[in-house]
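Here the structure comes first, spelled out in structure tokens, and everything after it is commentary.
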Amino acid sequence: MNKQRLLRIWIVAVLGLFATGLGLITLAPIPEQIGQAQDGGADEDEAESGDPLVVLNENNIKQATVLIMQVSDESGDPVIRCVGSGTVVTADGLILTNAHLVVDNQDCQADRIVIALTVRVDEPPIPTYVAEVTEISRGYDIAILRISNYLDGRQIDPRTLQLPFVELGNSNQVQLDDTLVVFGYPGIANEPVQAQLTVLNGLTSEAQVGERAWLRVTPSIPGLMSGGGAYNRNGELVGIPTVVPARVAGTVVDCRQVYDTDGSGQIDNNDACIPIAGPITALRPSRLARGLVQAAALGIQPGAARTSAESALFEEQAVFSNLFISTAINEAGMPANIVPAAPTGTSNLYLFFDYANMRDGMIYELRTTIDGRPSPIFSLPPVTWNGGQEGLWYIGTSVPQWPAGRYEFTLFIEGRQIDSLQFDVGGGPPGVPAFSDLVFGVENATGELVGANYVIPEGNIIRAKFNYRNMQPGSTWRYQWYLDGAPLGGDAAGTLTWEGTEPQGTYEDLAIRSEDGFVSGRYRLELFIQNSETEAFRLAALSDFTVAGGAGGANDAEAQIFSNFRFAQNERANVPLGIVSEGFSPGVPGLYVFFDWRQISPGTPWTWRWLVDGDVLIEENSRWTAEGSGQNYFLSLQGDPFLLDGTYSLEIEINGIILTEDVSAEVGQGQLPIEAFASAEGIQMVGNVTDAETNTGVSGAMVIVLDPELSVEDFEWRVSQVRAMAQTDREGFFQLPALLQRGTLEEPVLYSILIFADGYYPVSQDGIAVTDRTRSPLALEAILNRD
Amino acid sequence: MRAFDRFDELDQQSLPQGTQVNSLLAIATVLAMLGLGVVIRNNTLAATTVYEDRINGVTAQLPANWLIDAEPEDQTYIFRATDTGGIPFKTYIQVSIVTVGADANPRNVIDALNVLGPARLSIYHVVSIEETRLGDDVATRITYFYVDTEENPFLETEPTVVEGVDLVVIRRNQALIFTFRDAAATFEENEFYFRNFLETVEY
């Protein structure tokens, strides 16, 4: 055999082997054709530095930010009535937004809520889903929506949704001067989602919420971004930009006609308009939304409660009155003092006022000027009211230092100016006589005041004590006790001469007595000090307290109002039904808690809250509407379709005092399942699959990521072995619906990936490492060869 | 001298008989190996694997390397086998079981599927319902079309017209629903997967 013949035979043999290989190669993956894109994967520099990787995943936040539209049908055509922003907070379609954007109201009469998604971050959103309200707090102006349908009406199984979402951060950790990034839609569906930098420069407190009721930011944010999200540098949602459209004399100031809703062929004032809110300077902290989000995620809603006669509707005009300033509040939300002016360096001021004839859902506003110039940071933009009909309210602001000047605080209801107060900040500490820190108690057998709080049991004597300073012997002061807003007579009012010799101390000798005993109700004590020069009396201290229940506890100083708590599966005619226990088997649809009560006056403000495993889920401030004493009052929780395992607890509070102790029941294991709340923490994997020949995207390719530590060789073609899978779109782009769990640099989590497409050789790769330094999204590039 | 020039030179010469035989043998070897490759490839594509669901008492041969999902979150089927490489639609065979009364017949189940169809599938349109047999059992077969859309709204995926077949048989107080869905354009080409499945399914 010569060399040429040998050469030819060998060439042919090699070609044959190559052809055989072509036939077999469909079974063999080609690992080197999957690679991480340049901008994805672990950041080596940051990995070496050892510092935690701070990630504000802007694209993820933008895609989790949705436009919310309230829509109604006019002459058969859908018309957008209101718009605002919202944020997806769970992958299965829970959306956090403002309550005023999703409830039917006088400014926005609609019958459904349409959700528009940002598909491309630089383009306006696209209407995609219909959503329903699942949890709402009108007072906090927070609502949770659940995506329920496609626009064509088809229902959506939430389990099939895998939307980008964000997690709530700890808003209590946000500090003054922190930079926050606010995401939302600044236009009426015609602008892409926008991110705006702001700085936290104030904290506003408010009655019934307490400190940090509002986070104050500058510069202001466009009003249509209300309902969106404000994020800290870790990309956690810590605030919800909130403002309602401003009104003047009950009419919305800015309302834009966009659609010909009356079919006249022209746009005019007869057409419905979209209300536009003014600039946003206030954020609702995320802590107020956390319980609602968790309740919605668990499918828990407040269920039936014992029904009682509602208070009669009233027609009188809503008013604010008796404005005054305090520099501190106590645990009951009462003013610690009342000051005529504040010195330079003051950091906290609280504007208190009485309110009457208010209705929840009304819009109120505080406008503040300093030396005649508007001051947004010390104002409160239009927000919804949730304080009930009457009582004492406050708005406070904490800043490093209130600027010196003459302040004018003006309060508005529904755009009507109601009352105002002038107040000076500056100069040295005032040396004027002052009372402060009013507390109440009962008298023990030796005539001493015992107990010190704001819920007093019924009895014959109520005593008060307070601190004083700068009081001069011989100066005149007076006091007045009130019951349900009406001044009490007899020894409930009096004018006295100050007899103390110490300039400061505690006064404990003020008391009010009743032979018949004090009936339950809402009481108030006001203290005045006379100006020795003008002889006018100045309000020096004020506090409300509640008389309710019988005496009990230490020294009989504690009010015993609620007792005999029992949990049941159901109720009928106000009687517990089904199993009555403190432990229930898994799968109960709801829980009812029954209790007895005594001596509580109708109209008394009270707060109830449900906790699951110690976390507050649902809280409501309400007014007592049942008779004074009785049995089997009940509250309930309902699950959808049933309550998850957990420990369910009830707390009842009046005037900041919790009046229940360990009222709880266990369902199933008594602990929420670990997977009850999905985490937004993890790596999002995206990528492109490209045709090697044409360098264009491969449409319809299947991308499969296996469970951690499972190699391609061990894959048995079972979905149970798959962590996530996705299909490429017409551009060859894919986005895995589930997040990949992070490992550490020392112990990375290793994933394997397979990519298939008809007409192409499959490719696969083992050992894709995900660590705590891996940047999200992790971008992959895969190249497929035609078979 | 380059190798190709050398070949040209050699071609112009008359080759010895042994050389010609060797060449023919080499070419035959190449063709045989090519054929072997194609056969192996075709066998691979047509290969099946036995899938047994002991809990529900269903056994069948499914195409090899189709992804099997036997633990659906929504419990709407007992198992589904999907061709992960299919473009534009991931062809699948699915088996579902619904509980029915003693008097139920396959047509009752088909009617229920027809009512559910528009609520679950976009542009759902039934083209035929016919009585048939599956082995010794009476069966009803429904053929329909719908438009499949990507559930991830962030992907630019064109909708696909899908042709589907549901074949229903009654087993005691259960109705078994055998489903095959594929892109309408490739339905006939791939329907043999479903026929093979129906020929081998035991329940």
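Computed with a 1.4 Å probe on the full set of protein chains, the accessible area for A:R112 sits at about 70 Å². For segment A:408-550, the extents of the C-alpha atoms along the principal axes are 48, 47, 24 Å, listed from largest to smallest.
Residue-wise HN-Hα couplings along segment B:30-38, as the Karplus relation 6.51 cos²θ - 1.76 cosθ + 1.60 with θ = phi - 60° gives them from phi, are 4, 4, 5, 5, 4, x, 4, x, 5 Hz; Gly and Pro carry x.
Report, please, the projected area of chain A averaged over directions, based on the convex hull of its C-alpha atoms, in nm².
Values: hull surface 182.7 nm².
Mean projected area for chain A: 45.7 nm², to one decimal.
So what's Rg/Rh here for segment A:622-767, counting alpha carbon atoms and using the Kirkwood radius for Rh? Let's see the in-between values first.
On the way: Rg = 25.7 Å, Rh = 20.3 Å.
Dividing the radius of gyration by the Kirkwood radius yields 1.27.
Between A:E132 and A:E709, the modelled label-to-label distance comes to 4.2 nm, taking each label 7 Å out from Cα in the direction of the beta carbon. Each residue was assigned an accessible area with a 1.4 Å probe, and for A:D615 the value is about 80 Å².
How compact is segment A:280-400 by the rule of thumb for globular proteins, expressed as Cα Rg over 2.2 N^0.38 Å? Could the numbers behind the result be given before it?
Working: Rg = 17.7 Å, N = 121, 2.2 N^0.38 = 13.6 Å.
With N residues counted in segment A:280-400, Rg over 2.2 N^0.38 Å equals 1.30.
Helix A:3-24 and the longest principal axis of the Cα set of chain A meet at an angle near 30°. Among the GluC sites (Glu not before Pro) in segment A:298-389, those located in a DSSP loop and surrounded by at most 13 other Cβ atoms within 10 Å of their own Cβ are A:E310, A:E315, A:E316, A:E331. Packing here is the average count of other Cβ atoms within 10 Å per residue, and on that basis the peptides A:99-108, A:489-498, highest first, run A:99-108, A:489-498.
In Å², and per residue, what accessible area does chain A have when probed at 1.4 Å with the other protein chains present?
Working: 33040 Å² over 787 residues.
That works out to 42 Å² per residue.
Near B:R172: Cβ cut-off under 14 Å, other residues only, Lys/Arg at +1 and Asp/Glu at -1. The net charge is -1. Taking the longest Cα principal axis of chain A as reference, the axis of helix A:287-298 is set at about 50 degrees.
Suppose R0 equals 60 Å. What FRET efficiency, 1/(1 + (r/R0)^6) with r the Cβ-Cβ distance, do B:T143 and A:N270 give to the nearest 0.05?
0.70
Taking all protein chains as present, what is the carbon and sulfur share of the accessible area of segment A:468-561, in % to the nearest whole number, probe 1.4 Å? Walk me through the numbers on the way to the answer.
Working: 1970 of 4670 Å².
Looking at segment A:468-561 in its full context, I get 42 percent from C and S.
Legend: mean number of C-beta atoms from other chains within 10 angstrom of residue C-beta atoms, peptide A:724-731, equals 5. Per-residue mean of foreign Cβ neighbours for B:80-86 is 6 (Cβ atoms of other chains, 10 Å radius).
State, in square angstrom and to the nearest 100, the accessible area buried between chains B and A, both chains counted, probe radius 1.4 Å. All intermediate terms of the calculation are to be shown ahead of the outcome.
On the way: alone 13190 and 35130 Å², together 43970 Å².
The contact between A and B buries close to 4300 Å².
Over chain A, what relative contact order in percent results from Cα pairs under 8 Å that are six or more residues apart? All intermediate terms of the calculation are to be shown ahead of the outcome.
On the way: 2135 pairs, mean separation 85.8, N = 787.
Here the relative contact order equals 11 percent.
The B:E156 and B:T48 beta-carbon pair, evaluated with R₀ = 35 Å, returns a calculated FRET efficiency of approximately 0.50. The mean number of partner chain beta-carbon atoms within 10 angstrom of a residue's beta-carbon across peptide B:28-34 is 6. Put A:I274, A:I267 in order of accessible area, highest first, and with a 1.4 Å probe you get A:I267, A:I274. In this simple spin-label model, placing a label point 7 Å from the Cα along the Cα-to-Cβ direction at both B:A184 and B:T29 gives a separation of 5.3 nm. Each residue, A:R233 and A:T744, gets one label point 7 Å from its Cα in the Cβ direction; the gap between the two is 2.4 nm. Backbone geometry of segment A:414-419 corresponds, through the Karplus equation with coefficients 6.51, -1.76 and 1.60 at θ = phi - 60°, to 3J(HN,Hα) couplings of 6, x, 8, 6, 10, 7 Hz, x marking Gly and Pro.
Could you order peptides A:505-518, A:67-80 by the average number of other Cβ atoms within 10 Å of their residues, highest first? Display every interim value, and only then the final one.
On the way: A:505-518: 14.0, A:67-80: 17.9.
My ranking of the peptides, most packed first, is A:67-80, A:505-518.
Sorted by accessible area with a 1.4 angstrom probe, largest first, how do A:D596, B:D111 fall? Mind dumping the intermediate values first?
Numbers: A:D596 20, B:D111 65 Å².
Descending order: B:D111, A:D596.
Per the 1.4 Å probe, what fraction of the accessible area of segment A:394-463, in percent, lies on carbon and sulfur atoms? The computed percentage sits at 48. Could you please report the charge total around A:D424, scoring K, R as +1 and D, E as -1 over all other residues with beta-carbon less than 12 angstrom from its beta-carbon? Overall, the nearby charge balance is -1.
Computed per residue of chain A from DSSP H runs no shorter than four, each worth -39500 (n - 2.57), the mean residue ellipticity at 222 nm is -2000 deg cm²/dmol.
List the relative contact order of segment A:417-562 as a percent without decimals, with contacts defined as Cα pairs under 8 Å and 6+ residues apart. Kindly include the intermediate steps, with their values, before the conclusion.
Working: 328 pairs, mean separation 39.8, N = 146.
After rounding, I find 27 percent.
Here's how it looks for A:S475: its modeled amide H is under 5 Å from those of A:W498, which are all 5 or more places away or on a different chain.
Residues B:F145, B:F178, ordered by accessible area of protein heavy atoms at a 1.4 angstrom probe radius and largest first, appear as B:F145, B:F178.
A cut-off under 12 angstrom between Cβ atoms defines the neighbours of A:F324, and their net charge, with Lys, Arg +1 and Asp, Glu -1, is -2.
Considering only protein heavy atoms, what per residue accessible area in square angstrom results for segment B:41-119 with a 1.4 angstrom probe? Walk me through the numbers on the way to the answer.
On the way: 3820 Å² over 79 residues.
Computed with neighbouring chains in place, this is 48 Å² per residue.
Summing Cβ point charges (Lys, Arg +1; Asp, Glu -1) relative to the Cα centre of segment A:58-188 gives a dipole of roughly 200 debye. Phi angles of segment A:606-617 translate, via the Karplus equation with coefficients 6.51, -1.76, 1.60 and θ = phi - 60°, into HN-Hα couplings of 9, 10, 10, 8, 9, 10, 10, 6, x, 9, 5, 9 Hz per residue; Gly and Pro are given as x.
The values are calculated or read from the model by the stated rules, or taken from the named source; none is laboratory data. Note that the coordinates shown come from a computational prediction; the quantities given were computed from them, not determined experimentally. Positions of Cβ are generated from backbone atoms using ideal geometry, with glycine treated the same way; all protein chains shown enter the neighbour counts. Accessible surface areas use protein heavy atoms only, side chains included; no ligands, DNA or RNA. Shrake-Rupley method; radii C 1.70, N 1.55, O 1.52, S 1.80 Å.
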